[in-house]
Amino acid sequence: MKQVGSYKGNLLTKALKEHIRLAAVTVLSAGTSRFEENVHAFLKQGDKVAYCVTDLHPSKLPIRVTKHEFKKHNKHVLKIATILLKQQFSKETKAYDHYYEHMLHLSDTIAKALT
């Protein structure tokens, strides 16, 4: 695998940690007046993650692709969280299967771009 360098690696790590933090804040705010605001911040920050991923290898990870994939990722996360919060457990397996397939595709896309 090509080296991406510590600077780019650190930027991506920081963006991913913030993304995970915002996901938790968003999910925990479900049912409150801050939920929509938090969803917006979470989705907007996903674009920052996409730019960090694109920056690893711009010719193989174009921004239109990474932004699209992270929007899909974020929608999966919100869907699963909503299903669980509404205790609609019969829908959980199907939603998680779609999410898992998406994550495999996303990780394969990034791995292929870095090899």
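Read-outs throughout are calculated quantities, based only on the coordinates presented, and are distinct from any laboratory measurement. All of these numbers come straight from a predicted model, not from anything done at the bench. Don't worry about glycine lacking a Cβ; one is built from the backbone with ideal geometry, like all the others, and counts go over all protein chains shown.
See the values below:
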item: Segment 33-47: number of residues that are among the acidic types (Asp, Glu) and closer than 17 Å to Lys79 by Cα; result: 2
item: Answer from Phe42, Phe70 - the residue that is of a type outside the set (Gly, Ala, Ser), in contact with a Gly (Cβ under 6 Å, 6 or more places away or on another chain) and part of a helix (DSSP H, G or I); result: Phe70
item: Close pairs from segment 2-31: first part of a helix (DSSP H, G or I), partner loosely packed, with under 13 Cβ neighbours inside 10 Å, Cβ under 8 Å, at least 6 apart; result: Val27/Leu85
item: Criterion violated by Leu56 - all others in (1) exposed (fewer than 14 other Cβ atoms within 10 Å of the Cβ); (2) over 20 Å from Leu84 (Cα atoms); (3) in contact (Cβ under 8 Å) with a residue 12 or more places away in the chain; (4) not hydroxyl-bearing (Ser, Thr, Tyr) satisfied; result: (1)
item: Per-region count, segment 1-55, residues out of contact with any helix residue (DSSP H, G or I) (no Cβ under 8 Å at 6 or more places or on another chain) and among the small types (Gly, Ala, Ser); result: 5
item: Selection count where residues are of a type outside the set (A, V, I, L, M) and farther than 22 Å from Thr109 by Cα, scope segment 19-54; result: 13
item: Residue list for segment 59-76, filter: in contact (Cβ under 8 Å) with a residue 40 or more places away in the chain and surrounded by fewer than 17 Cβ atoms within 10 Å (Cβ to Cβ); result: Lys60, Val65
